[in-house]
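Just so it is clear, none of the values below were taken in a lab; they were calculated from the coordinates. Bear in mind the structure is a predicted one, so any value in this text is a computation, not a measurement. Cβ atoms come from the backbone with ideal geometry, glycine included; neighbour counts cover every protein chain shown.
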Amino acid sequence: MALPEHLIPVVTRIEALVVSAPPSPWRLTVQSGIGGLTDVGFGPDTDLLLVVSSQGRGVFDCTTGERVARDGDVETDFHDASRMLADGVGPLDGISVPMAGLNGGGLSGGTSDGWTVDDFTLEWPHHTLLLNGPFSWPYDINGQLWKLGAESELRAFGFSTTGLSLVIATSSDVIAWSRPSA
């Protein structure tokens, strides 16, 4: 099937982008290899990222990059994949955290001040991950646009509900950026 003519400039622009970090005020805070990663989720109204993997679960504070909790117990039934919820640990203990990943779900696709993310599959199985500047979108040829990655084992991509943290989670890595509050 041929690409519709009106989308050719958009696809051409996206394909020409090189992978880069988000612009200021975003800064890299977390870059961690996590084998067997299945799901991630942010605690309600926080930048605390719960990560679930075949090795247990952990929590990263995406504002500082610090891993603030780790539980290697894989025997405990802490993850309800069908409801896309997981029990928190450490500072999220006692909280049922909505998850996104292997079993579905999703992180927030935008912030209150207009930053958004898009996931385009231009060449299967690679997900082209885009960050759009405030109130921009990829269909505007003059919009602000950054290509954050091209991932084949994507689990989740999006913002915390505070809008201050942005995460890419794959089957083996988690990367997060944070920015100061507005």
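In table form, for the structure just shown:
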{"item": "Charged-residue dipole, Cβ positions (Lys, Arg, Asp, Glu), segment 77-170 about Cα centre, Debye nearest 20", "result": "120"}
{"item": "Residue-count net charge about Pro44 - beta-carbon cut-off 14 Å; Lys, Arg +1, Asp, Glu -1", "result": "-4"}
{"item": "Summed side-chain charge close to Pro180 - residues other than Pro180 whose Cβ falls under 14 Å, Lys, Arg +1, Asp, Glu -1", "result": "0"}
{"item": "Candidates Pro44, Pro98, Pro25, ranked by Gaussian network fluctuation over the chain, Cα under 10 Å, top entry", "result": "Pro25"}
{"item": "Farthest toward positive dipole pole in segment 5-178 [+1 Lys/Arg, -1 Asp/Glu at C-beta], among Met84, Pro25, Ser96", "result": "Pro25"}
{"item": "Net charge over other residues, Cβ less than 15 angstrom from the Cβ of Ser53 (K, R count +1; D, E count -1)", "result": "-3"}
{"item": "Dipole moment magnitude, nearest 20 debye, the chain about Cα centre, only Lys, Arg, Asp, Glu C-beta charged", "result": "420"}
{"item": "Taking N as its residue count, the alpha carbon Rg of the chain over 2.2 N^0.38 Å", "result": "1.05"}
